[in-house]
Structures are given as C-alpha cells and as structure tokens.
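Written out below as structure tokens is the structure these notes cover.
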Amino acid sequence: MRADVKLDFDTLKAAGTHMGSAQVRAIPAGVCIVNEAARLFAYLAKENCAICVPCRVGTKRVQGILESAYSGLGRESDLAWLDELGTHMERFSLCGFGITAPSILRTTMREFADEYRAHIVERRCPTNTCSPVRSRRYETMAQP
C-alpha cells in the first residue's frame with residue numbers, strides 16, 4: 001500500500017486492500033520486498049490453525065516459492081502460480097485468516113512488480129540484500 005492512501009475502510013477497499021489485523025508496517029528503503037514477503041508468509045505458515053488445506057498448504061507453498069525466487073531459483077511461471085495460489089486461498093479458506101493472507105502477496109506483487117520480476121526473471125536482488133536459503137526447488141506435479 002502506498003503512503004498516500006488514507007487508513008479508512010472505504011479508501012482501503014478502493015485501493016484494493018484492507019486493514020486486516022489493524023497493523024501497519026513501514027518497510028524502510030533498501031529492504032527487499034520479496035524477502036520481506038517470504039518472511040511474512042513464514043510467520044503466517046506458523047500461525048495458521050492448520051484446519052483447512054488452502055491456508056495450511058497455501059501459506060507454506062507461497063513461502064517456498066518466494067524463498068526460491070530470492071535464492072535465484074525462480075521461474076517466470078512462478079508469477080502466475082503465486083497469483084493462482086492467492087486466488088485459491090481467498091476462495092476456499094474457511095476463515096478470515098486464510099482469506100486475507102494473500103493480500104500481502106497481492107499488494108507486494110502489484111506495488112513492487114519490478115522487484116518480483118528482477119528476482120524471478122533476471123535472478124538478481126535489486127537491493128543486493130538477499131542471501132539464498134534454498135539450493136533446489138521443491139515441486140509438485142500440479143505446479144506449472
């Protein structure tokens with residue numbers, strides 16, 4: 001979300017986001033947004049209740065794809081796969097936690113598309129702050 005957006009329900013909805021847990025994070029310049037999104041999804045993967053599959057598996061899968069991306073193992077198809085995972089979580093999760101978790105992904109992919117493309121297509125971190133955490137990709141047959 002941009003800094004020029006008012007923090008009220010209607011304005012946030014019009015901007016394509018929501019207040020969620022009423023937490024606002026200011027990410028300083030020089031922080032890699034792809035790494036930060038992966039870190040947030042690692043937190044979400046630990047904090048979800050694990051009752052429904054879309055949230056339990058979706059948060060871990062998004063975390064893994066983002067970690068692969070900033071480890072230099074991303075593929076261009078990952079962008080579409082992340083979007084599909086977000087949609088699946090929003091549509092099929094059983095509670096607000098899983099339904100709103102993809103908003104982090106959607107917001108960062110929309111507002112920082114160049115950083116995602118740099119990591120996935122060019123295999124470089126625009127902020128030069130990422131250290132690889134994976135040496136190989138973990139894939140399933142369903143993954144494009």
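The values are calculated or read from the model by the stated rules, or taken from the named source; none is laboratory data. Nothing here was measured: the structure is a model prediction, and the numbers come from that model. For neighbour counting, all protein chains shown are included, and Cβ atoms are generated from backbone atoms with ideal geometry for every residue, glycine included.
When region 48-95 is examined, which residues are found to be assigned to a loop (DSSP other than H, G, I, E, B) and within 25 Å of Pro126 (Cα to Cα)? Explain how you work it out, then say what you get.
In the first step, residues of region 48-95 are kept if they are assigned to a loop (DSSP other than H, G, I, E, B); the result is 48-52, 71-76, 93-95.
Result: Ser71, Gly72, Leu73, Gly74, Arg75, Glu76.
Selection of region 61-92 for residues being aromatic (Phe, Trp, Tyr) and either more than 18 Å from Asp114 (Cα to Cα) or in contact with a Phe, Trp or Tyr (Cβ under 6 Å, 6 or more places away or on another chain) (or both) yields only Phe92. Considering Glu67, Glu90, the condition of being more than 26 Å from Lys6 (Cα to Cα) and acidic (Asp, Glu) is satisfied by Glu67 alone. When the criteria are applied in full, Leu105 meets the requirement of being out of contact with any Cys (no Cβ under 9 Å at 6 or more places or on another chain) and either over 21 Å from Asn35 (Cβ atoms) or of a type in the set (A, V, I, L, M, F, W, C) (or both).
A single member of Arg61, Arg39, Arg56 is touching a residue at least 24 places away in the same chain (Cβ under 8 Å) and among the charged types (D, E, K, R), and it is Arg61. All of Val34, Val5 fail the test of being modelled with pLDDT under 85 and β-branched (Val, Ile, Thr), apart from Val5.
Every test in (1) within 15 Å of the chain's Cα centre (by Cα); (2) surrounded by 13 or more Cβ atoms within 10 Å (Cβ to Cβ) is passed by Cys130 save one, and that test is (1).
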